[in-house]
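Since every read-out is calculated from the coordinates, none of them should be taken as a lab result. Keep in mind the model is a prediction, meaning the values are calculated, not measured. Note: ideal-geometry Cβ built from the backbone for every residue, glycine included; neighbour counts use all protein chains shown.
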Amino acid sequence: MRIIILSRDSTLYSTRRLKEAGEAQGHEMRVIDHMRCYMDITAHDPKVLYQGKPLADTDAIIPRIGASNTFYGTAVVRQFEIMGVFTPNPSQAITRSRDKLSSLQLLARRGIGLPVTGFAHATQDIDGLIELVGGAPLVIKLLEGTQGIGVVLAETYQAAKSVIEAFRGLDANILVQEYIKEAQGADIRCFVVGDKVIAAMKRQGADGEFRSNLHRGGSATKIKLTPEERNMAVRAAKAMGLRIAGVDLLRSHHGPVVMEVNSSPGLEGIEQSTGIDIATQIITYIDNSRAALEA
């Protein structure tokens with residue numbers, strides 16, 4: 001197969017691993033910066049062009065679209081879809097997963113466990129919003145934040161009220177969520193490929209840090225999931241329409257809850273902490289899925 005990895009940086013660990021894994025299986029792999037692609041949008045001969053040449057005869061793409069490039073990146077993915085190119089993560093699914101509010105609403109509609117979450121527009125409703133999630137301490141999240149940026153733990157009612165008022169004063173959209181104290185600054189990243197979880201790691205926040213993101217100094221270790229956690233992770237990915245996803249869970253007193261579903265999960269932390277060759281499993285899944293569609 002001819003497979004294109006849509007990535008802004010060919011030196012990134014995840015991009016390199018996918019390219020190496022594809023080449024090891026005999027596929028022709030190419031890394032393309034999706035932000036430098038442009039499109040010929042026609043009914044009969046749609047094209048994606050790069051450096052003046054059409055990206056023709058492409059069998060599959062692997063989107064690695066950064067959050068800041070979602071709008072244009074998903075437009076490129078959508079153009080490949082129009083051309084009949086296979087993608088494990090469709091453009092609509094990527095867009096859906098990037099909208100924190102919409103994704104939580106979709107998960108709730110499917111009956112998937114979530115932290116108690118509130119959303120409001122007017123600052124006059126702050127008191128009711130704080131009460132809705134059980135009061136302080138609580139977590140305040142910017143809808144546009146990634147990798148733990150724009151996530152604040154407010155430990156008192158007054159702190160929560162001040163932070164919410166500040167964010168709303170900047171016209172920023174925010175979510176307010178209950179603080180799962182029993183998680184003790186740890187979450188679980190489940191790596192879903194197709195209809196199963198192929199790897200899972202526990203991410204523990206650094207000392208004094210309630211966010212567990214590895215980008216913020218957190219550590220990762222291999223973890224064994226319960227059947228309920230595996231089932232929830234797969235259901236969450238399917239709710240988004242993603243075939244490759246990183247699903248983040250917290251263990252709470254009332255069972256596992258989903259924090260986020262990531263459409264471009266990194267491979268470095270989870271491959272190194274679990275010893276599982278995730279890149280090869282992704283390539284194998286794409287190969288098998290495309291073959292099934294042609295059968």
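Students often forget the sequence filter, so: which lysines lie under 29 Å Cα-Cα from Lys19 once same-chain residues fewer than 8 apart are removed?
List returned: Lys47, Lys53, Lys196, Lys202, Lys222, Lys224, Lys238.
Say R0 is 45 Å: what FRET efficiency, to the nearest 0.05, do Gln25 and Ala136 get from their beta-carbon distance?
Given R0 = 45 Å and the Cβ-Cβ separation, E is 0.30.
Gain in length, Asp171 to His121, computed as 0.36 nm per residue apart minus the alpha-carbon separation, to one decimal in nm?
Separation in residues times 0.36 nm, less the Cα-Cα distance, equals 17.1 nm.
What are the ³J(HN,Hα) couplings of segment 192-205, residue after residue, when phi is run through the Karplus curve with 6.51, -1.76, 1.60 and θ = phi - 60°? Round to Hz, x for glycine and proline.
9, 10, x, 10, 8, 7, 9, 7, 8, 9, 9, 10, 10, x
Compute the relative contact order of the chain as a whole-number percentage, counting only Cα pairs closer than 8 Å that sit 6 or more residues apart in sequence.
Reported as a whole number, the value is 17 percent.
With +1 assigned to the C-beta of every Lys and Arg and -1 to the C-beta of every Asp and Glu, and no other charges, what is the dipole magnitude of segment 117-179 about the Cα centre in debye, to the nearest 20?
100 debye
Against the longest principal axis of the chain, how steep is helix 70-82, in degrees 0 to 90 to the nearest 10, with axes from Cα atoms?
Helix 70-82 sits at roughly 40 degrees to that axis.
Could you give the angle, 0 to 90 degrees to the nearest 10, between helix 13-24's Cα long axis and the longest principal axis of the Cα atoms of the chain?
30 degrees
Search the structure for amide H atoms under 5 Å from the amide H of Tyr179, placed 1.01 Å from N in the peptide plane, and list their residues when 5 or more places away or on another chain.
Amide H to amide H, under 5 Å and 5 or more residues apart or across chains, Tyr179 pairs with Val139.
Starting from the amide H of Ile5, placed 1.01 Å from N in the peptide plane, find each other amide H under 5 Å away whose residue is 5 or more places distant or on another chain.
The list, which skips near neighbours in sequence, is Arg30, Val31, Ile32, Ile62.
If packing is taken as the average count of other Cβ atoms within 10 Å, what order do 221-227, 175-181 fall into, highest mean first?
Packing order, densest peptide first, comes out as 175-181, 221-227.
Output ³J(HN,Hα) for segment 85-91: one whole-Hz value per residue in order, computed from phi by the Karplus curve 6.51 cos²θ - 1.76 cosθ + 1.60 with θ = phi - 60°, and x for Gly and Pro.
7, 6, 9, x, 10, x, 4
Binned at 10 Å from 0, what are the whole-percent values of the Cα-Cα distance distribution for segment 2-96, short to long?
Once binned at 10 Å, the Cα pair distances of segment 2-96 give 16, 53, 28, 2.
Going by alpha carbons, how many degrees (0 to 90, nearest 10) lie between the helix axis of 100-109 and the longest principal axis of the chain?
For 100-109 against the chain, the angle is about 90 degrees.
Is segment 182-283 rounded, prolate or oblate when judged by the Cα gyration tensor, a ≥ b ≥ c being the square roots of its eigenvalues, rounded requiring a/c under 1.5 and prolate requiring a/b larger than b/c? Mind dumping the intermediate values first?
On the way: a/c = 1.77, a/b = 1.22, b/c = 1.45.
Oblate, since a/c reaches 1.5 and b/c is not below a/b.
I need the phi-derived Karplus couplings for segment 273-288: 6.51 cos²θ - 1.76 cosθ + 1.60, θ = phi - 60°, integer Hz, Gly and Pro marked x.
Taking θ as phi minus 60°, the curve returns 7, 9, x, 8, 7, 5, 4, 5, 5, 5, 4, 4, 4, 4, 4, 5 Hz for segment 273-288.
What residues have an amide H closer than 5 Å to that of Met39, excluding those fewer than 5 places away on the same chain, when H is modeled at 1.01 Å from N in the peptide plane?
Residues meeting the criterion, in which the H sits 1.01 Å from N, are Leu49.
Report, largest value first, the span of the C-alpha coordinates of the chain along each principal axis, in whole Å.
Taking the Cα atoms of the chain, the three principal extents are 59, 41, 33 Å.
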